[in-house]
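This report refers to the structure that appears directly beneath it.
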Amino acid sequence: METKRVLATDTAIEWIQKLKKANGQLMFHQSGGCCDGSSPMCFQLGEFKIGGSDVLMGEIEGCPFYMGGDQFEYWKHTQLIIDITKGRGSSFSIEIPYGVRFLTRSRVFTDEEVAELEKG
């Protein structure tokens with residue numbers, strides 16, 4: 001079994017598919033910023049400039065998911081589970097006009113999963 005750093009719920013996947021159909025290829029970024037900056041934000045692919053310290057966590061529904069390097073240090077022991085909920089966030093994320101927002105749920109990796117991730 002391959003351990004993934006980031007997954008998405010079925011509901012989030014449905015929204016990603018809908019957003020891709022309307023906007024083309026997408027990408028996600030989660031930083032350690034204030035307010036909604038610490039929530040996963042969705043952009044058209046290439047609309048957000050990835051920095052040298054950003055970490056590619058994986059892909060969800062074919063969309064790259066990046067996290068700020070400092071934030072990754074806090075989250076590296078957890079699996080991110082991207083979900084979506086009703087309510088408007090205050091970010092520039094592409095789903096906001098639809099009255100929904102992405103959010104991150106998480107769970108701590110098991111010792112076996114940590115070992116697998118460290119093997120790379």
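The values are calculated or read from the model by the stated rules, or taken from the named source; none is laboratory data. Everything numeric in this text was worked out from a predicted model, so none of it was measured. A quick note on method: Cβ atoms are made from the backbone with ideal geometry, for glycine too, and the neighbour counts reach across all protein chains shown. Note: areas computed on protein heavy atoms with side chains; ligands, DNA, RNA excluded. Shrake-Rupley method; radii C 1.70, N 1.55, O 1.52, S 1.80 Å.
For the stretch 17-31, 3J(HN,Hα) computed residue by residue from phi via the Karplus equation (6.51, -1.76, 1.60; θ = phi - 60°) reads 4, 4, 5, 5, 4, 7, 10, x, 4, 10, 9, 10, 9, 10, 10 Hz, glycine and proline entered as x. Taking packing as the residue-averaged number of other Cβ atoms within 10 angstrom, the listed peptides 47-58, 78-89 run from highest to lowest as 78-89, 47-58.
Model label points for Thr9 and Lys49, set 7 angstrom from Cα along the Cα-to-Cβ axis, are 3.5 nm apart.
Dividing the summed helix terms, -39500 (n - 2.57) for each DSSP H run of n ≥ 4, by the number of residues in the chain produces a 222 nm estimate of -7500 deg cm²/dmol to the nearest 500. Rounded to the nearest 20 debye, the dipole magnitude of the chain is 520 debye, with +1 charges on Lys and Arg beta carbons, -1 on Asp and Glu beta carbons, and the Cα centre as origin. Projecting the Cα atoms of Gly51, Met27, Phe72 onto the charge dipole of the chain (Cβ charges, centred on the Cα centre) puts Met27 farthest toward the positive pole. Diagonalising the gyration tensor over the Cα atoms of the chain and scaling each eigenvalue by 5 before taking the square root yields semi-axes of 23, 15, 14 Å, largest first. Fully extending the segment from His77 to Tyr98 would add 4.3 nm, taking 0.36 nm per residue of separation and subtracting the current Cα-Cα distance.
On a per residue basis, the chain carries 58 Å² of accessible surface, using protein heavy atoms and a 1.4 Å probe. Once the Cβ-Cβ distance of Glu118 and Asp70 is raised to the sixth power relative to R0 = 22 Å, the FRET efficiency obtained is 0.60. Per-atom-type breakdown for the chain gives carbon and sulfur 50% of the accessible area (1.4 Å probe, protein chains only).
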